[in-house]
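K.L.:
Let me begin by handing over the structure; questions about it come next.
Please treat every number below as a calculation from the coordinates, not as lab data. Quantities reported herein were computed from a predicted structural model and do not represent experimental measurements. All Cβ positions, glycine included, derive from the backbone under ideal geometry; neighbour counts span all protein chains shown.
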């Protein structure tokens with residue numbers, strides 16, 4: 001009986017150690033490993049964030065989130081990326097200046 005309790009405790013301790021080793025709460029588990037060189041149209045982008053050592057990631061990158069919730073990693077030194085960031089910041093500051101969405105025509 002004592003052997004079963006000891007084995008149960010060892011199993012519990014081992015599973016707790018494995019759980020910590022997996023890095024479940026590690027913010028670096030969703031880091032970009034490389035950046036894309038493709039130009040991203042602003043109409044597809046919803047938001048962006050910046051990753052780097054301060055967020056637990058090795059690579060410094062701009063992570064754009066599209067309207068379909070896809071993540072695109074880009075180089076923060078790319079001039080087109082910097083222009084896109086400025087456009088998104090302006091969109092956030094001045095939401096009234098955004099173009100209204102076109103309404104679909106109703107078929108009669």
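K.L.:
Pulled fully out, how much extra length does the chain show between residue 60 and residue 78, if you take 0.36 nm times their separation in residues and subtract their Cα-Cα distance?
P.N.:
5.3 nm
K.L.:
OK, next. Want the number for residue 106 to residue 68: 0.36 nm per residue separation, take away the alpha-carbon distance, what's left?
P.N.:
Result: 11.1 nm gained on full extension.
K.L.:
So, one more: How far apart, in nm, are two points set 7 Å out from the Cα along the Cα-to-Cβ line at residue 86 and at residue 44?
P.N.:
2.2 nm
K.L.:
Among 55, 74, what is the fewest-to-most ranking by other Cβ atoms within 10 Å?
P.N.:
55, 74
K.L.:
Next question. Using the number of other C-beta atoms within 10 angstrom as an exposure proxy, rank 62, 81 with the fewest first.
P.N.:
If I rank by nearby Cβ atoms, fewest first, I get 81, 62.
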